[in-house]
Amino acid sequence: MRLFTALLLASIAATSSCFAQEEKDSKPVTNSTNGLGEVYIVHLTEFRLKKSVDESVSTKEILKSLEGMKDNGEIEVIETIRLSALPTYESMVQIGKKATVTVGVMRAPGGGQNRTMQQQAIGTMVRVTAEPSDGKTRLKLSYEASRFEGEGTNESPPDTKTFQINTTLLLERSKTVLVGGSSADSSTFLAVSIH
């Protein structure tokens, strides 16, 4: 009987040890990187307002009204990028494609046409370097995006719209700021936050 009890206790101890190991292994990953410092998650969103914003409206007022504009369909999110970054190291992401577009048409003597085609690169490139600075985060940001605007014709390519920002910001964690924008045809803005 003593042998049976000892084996039962040993079995329970081994099972408890297994469950403790599983719990230890299933803990969520933290933002620590074994001596390299914290991992930053940089969140960028490019969006377009369907109507122009008056120059007198402050960036804080724009940020406050974004949720309401989104619910009312007054805002179009063009692209959202999340990028991990180690302190003081540059991180980069490039998302895009090469599209074949017509750049010209020549009339052939027999009545036919010869199209001149060209590859055109479009997309987004983001480079960030983040580092701690007096309880905040200094973020060096380079954002460049190019997209087709409208449709091309049988004889010419579509227009390409570009949006480029190079800046250094001092950010508070989880607080979104407007980095820049344009109020040309429709208001285009870039919002950034760091987590």
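The values are calculated or read from the model by the stated rules, or taken from the named source; none is laboratory data. Being a predicted model, the structure only gives us computed values, none of them experimental. Counting neighbours? That spans all protein chains shown, and the Cβs are built from the backbone with ideal geometry, glycine included. The protein model used for the area step is the full one, side chains on, heavy atoms only, and it has no ligands, DNA or RNA in it. Shrake-Rupley method; radii C 1.70, N 1.55, O 1.52, S 1.80 Å.
In the context of the full set of protein chains, the stretch 43-195 has a per residue accessible area of 62 Å² (1.4 Å probe).
Under 18 Å from a label point set 7 Å out along the Cα-to-Cβ vector of Thr116, the amide N atoms of the stretch 123-162 belong to 152-160.
Normalised by 2.2 N^0.38 Å, where N counts its residues, the alpha-carbon radius of gyration of the stretch 99-195 equals 1.63.
Its Cα centre serving as origin, the stretch 43-195 has a Cβ charge dipole (Lys and Arg +1, Asp and Glu -1) of approximately 400 debye. Cα centroid separation, the stretch 85-131 to the stretch 138-195: 16 Å.
Once both labels are modelled 7 Å past Cα along the beta-carbon direction, what's the Val77-Val103 spacing in nm? So the two model labels end up 3.6 nm from each other. Rolling a 1.4 Å probe over the protein heavy atoms leaves Ser84 with an accessible area of roughly 60 Å².
Magnitude of the charge dipole for the stretch 68-154, about its Cα centre and with charges confined to Cβ atoms of Lys, Arg (+1) and Asp, Glu (-1), is about 400 debye. Taking all protein chains as shown and a probe of 1.4 angstrom, Lys70 keeps an accessible surface of around 110 Å².
Relative intensity of the stretch 30-135 on a log10 scale, I(q)/I(0) at q = 0.10, 0.11, 0.16, 0.18 Å⁻¹, equals -0.58, -0.66, -0.96, -1.03, per a Debye sum over C-alpha point scatterers of equal strength in the absence of solvent.
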